[in-house]
1. For the list (1) closer than 21 Å to residue B:204 by Cα; (2) touching a strand residue (DSSP E or B) at 6+ places or on another chain (Cβ under 7 Å); (3) hydroxyl-bearing (Ser, Thr, Tyr), I need the number of the one condition that residue B:79 fails.
2. Counting only residues that are in a helix (DSSP H, G or I) and among the polar types (S, T, N, Q), how many does segment A:117-142 have?
3. May I ask you to list the residues in segment B:116-142 that are touching a Gly at 6+ places or on another chain (Cβ under 9 Å) and open to solvent by 20 Å² or more (accessible area, probe 1.4 Å)?
4. Tell me, which helices (runs of 4 or more DSSP H) lie completely within segment A:259-340 with 3 or more residues that are within 14 Å of chain B (Cβ to nearest Cβ), modelled with pLDDT under 95 and open to solvent by less than 90 Å² (accessible area, probe 1.4 Å)?
5. Quickly run through segment B:11-67 and pick out the residues that are assigned by the TED database to the domain that holds residue B:145, basic (Lys, Arg) and over 27 Å from residue B:98 (Cβ atoms).
6. Could you please tell me which pairs satisfy a Cβ distance under 6 Å, a separation of 6+ or placement on different chains, a first residue in segment B:48-64 that is farther than 15 Å from residue B:37 by Cα, and a second residue that is part of a loop (DSSP other than H, G, I, E, B) and open to solvent by 90 Å² or more (accessible area, probe 1.4 Å)?
7. Looking only at helices (runs of 4 or more DSSP H) that lie completely in segment B:143-237, which have at least 2 residues being among the hydroxyl-bearing types (Ser, Thr, Tyr)?
8. Only one of B:212, B:150, B:154, B:123 is under 30 Å from residue B:60 (Cα atoms) and outside the structural domain of residue B:50 (by the TED database); which?
2 protein chains.
Amino acid sequence: MSKEELPQNKKREQIVEHVLLIGTGAIGILHGYLLEKSGKIKVTAICRSNYDTMKDSGITIKSSSFGSCIWRPHRVMRSIEEASDREYNYAVCAFKCLPDVIPTERVLGEVLTRVKCVVLLQNGVGIERSLQMARPDIPIISGIVWVGVNIRDNILVHEDFEKLYIGIYKNVHGRNNAELVNHFAELMGREQEYVIVKEHIQQSRWHKLLWNATFNTLATLSGLPMRRLMRGVGVLPIAKSIMDEIAATAAAIGIDLPEETISDSLDMTMKYYGDIGDDKSEEDFKPSMLIDYEMNRPMEIECILGEVVRMAGMYRVPVPHIELAYFILKIKQVSLVGAV
Amino acid sequence: MSKEELPQNKKREQIVEHVLLIGTGAIGILHGYLLEKSGKIKVTAICRSNYDTMKDSGITIKSSSFGSCIWRPHRVMRSIEEASDREYNYAVCAFKCLPDVIPTERVLGEVLTRVKCVVLLQNGVGIERSLQMARPDIPIISGIVWVGVNIRDNILVHEDFEKLYIGIYKNVHGRNNAELVNHFAELMGREQEYVIVKEHIQQSRWHKLLWNATFNTLATLSGLPMRRLMRGVGVLPIAKSIMDEIAATAAAIGIDLPEETISDSLDMTMKYYGDIGDDKSEEDFKPSMLIDYEMNRPMEIECILGEVVRMAGMYRVPVPHIELAYFILKIKQVSLVGAV
């Protein structure tokens, strides 16, 4: 062993970091895989229904951008308690955000004392607040995922190479958060241009909310998947009205969603789902909220709609469409999961 | 036979009038019964699913105000075509008003040439227009029913003695419409204070719409019957917002629904359905639109919501809550009955 090799080996050992992955649906698995693919990360994945499969054989990943392989996380655990046997550099949250059922800080529980940074890969707005209030000492990386992934028959298919936007949730920790975010971006594969670091991450979050709040809501309330929804007479004016309400609320809290953002989002949706001639026998896409609704599972209505209604109320922005949608979905949710 | 008796007998014979009754649900049967009870009317009732029962044994009526008896209409027919064998003084329409499925003038069809006056006992607004345009020569009596009736096991139970408001739909016929309406009111039993003749009947129609558009919509969209709906957090502000939109639309077309109308309607609804303590084992009331929705039957959304959206659009009154509700219910209706 030469003198030169020793410190390098030592260095290599030092940079192996541990990630706790909570939520092993398509988004969680894709990002757990990307992290381990960096060679610098060991993932401890919390798996419930898929515990045996993930532990024994792992999951096949077929990605147009990241190649194909079988991924088995470094460790597979049944619960967060079980996984609290060590410290983690990151806790990556890719589960549904349901503050009205169980807030994120309660999902994480005791492991929060053993985590250096929490990464939220979840939809909606206002999702960081209660966690940050509960643990002001832990920096939160807020992440918005635009990616087309699906799991079927234990195969994760990643078709559309899109983007992960990440940024720190408020710079209140007095440490070098830029370095923290950049480091995570590199682990996640920034060299592949998948990850974009944003200084004002909330803008990205509200941008994605435009689509989510509008089309999750319309699909769920009408019970229609996207293609059938987009053929409905009057869907564009209604969708635009909802997006206008979101943009007005965002503007009130200082986030600019320009008019083109809305028209682009509507155009893209119509282009993607609105073509009647191009029907074929493809299965029609159901937004996640509609799937949850059909399966009688709690829906992410608080961070998709409730938070908008509350923000709009604070700033006296009228959001009547969202208000009605929220009321209807909330009253269903309460009958499902009970009042909070 | 004295000289004096003869003309009186003749007169008595003359005043037997014929009524064609279309729609033999609870509302149709109650009013058919009241008309025959006058002794001056013979009812020809169109019965489909209940043809055999109505023809053979009639229906038991138990009414707190009009007594109990078995009513069998003078004639029971399977179809309007079959019933077109004679002329009628009145065609009383008590069927669901579904212009997007089949407009009233098409329901009536050829019999319209043998009818002197059409009486509409239906909910919603704008329900007279297309019929009047199709047959400008026939006067239309517009009627709004506030009554608590139910049919179960071939028994019609009439519990709450309330009101029937009637009035002529626009005075464009150049005849004595006041006399026409008064005469019908007397046949219907005005002496019992059940029928109120109104000069401005549209005001009564929009007044009833306040409740119907609001609570049919909220119950149907949420899938909840009234008691469960009224316990929903935030139901009163949402209901008031919808009522405000209806009142603003009414105001634009010259119909005044004062603020007290709205607060009274909300108070009454809360008093009736909102009392958690008074739950007992009573069945929870489902508005008719919710029942139709659950049975996959077409809903009266055009005359309850669509007409408001169109009127509001013409006068540029913002009705965002109603607009969203209409869109959602309409897209379901179209998938049920096809586009019109």
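1. (1)
2. Narrowing segment A:117-142 to residues in a helix (DSSP H, G or I): A:129-134.
Filter once more, keeping what is among the polar types (S, T, N, Q): A:130, A:132.
Looking only at that region, the number is 2.
3. B:126
4. Values: elements: A:259-273, A:288-294, A:307-314, A:320-337.
In segment A:259-340, A:320-337 are the helices (runs of 4 or more DSSP H) which contain 3 or more residues that are within 14 Å of chain B (Cβ to nearest Cβ), modelled with pLDDT under 95 and open to solvent by less than 90 Å² (accessible area, probe 1.4 Å).
5. B:37, B:40, B:42, B:62
6. Note: pairs meeting the criteria are B:51/B:78.
7. Numbers: elements: B:177-187, B:201-211, B:217-222, B:226-230.
Those helices (runs of 4 or more DSSP H) span B:217-222.
8. Details: B:150 fails: outside the structural domain of residue B:50 (by the TED database); B:154 fails: outside the structural domain of residue B:50 (by the TED database); B:123 fails: outside the structural domain of residue B:50 (by the TED database).
Residue meeting the stated conditions: B:212.
The values are calculated or read from the model by the stated rules, or taken from the named source; none is laboratory data. Keep in mind the model is a prediction, meaning the values are calculated, not measured. Here Cβ is always computed from backbone atoms with ideal geometry, including for glycine, and neighbour counts include all displayed protein chains. In case anyone asks, the SASA skips ligands and DNA or RNA and just uses the protein heavy atoms, side chains included. Shrake-Rupley method; radii C 1.70, N 1.55, O 1.52, S 1.80 Å.
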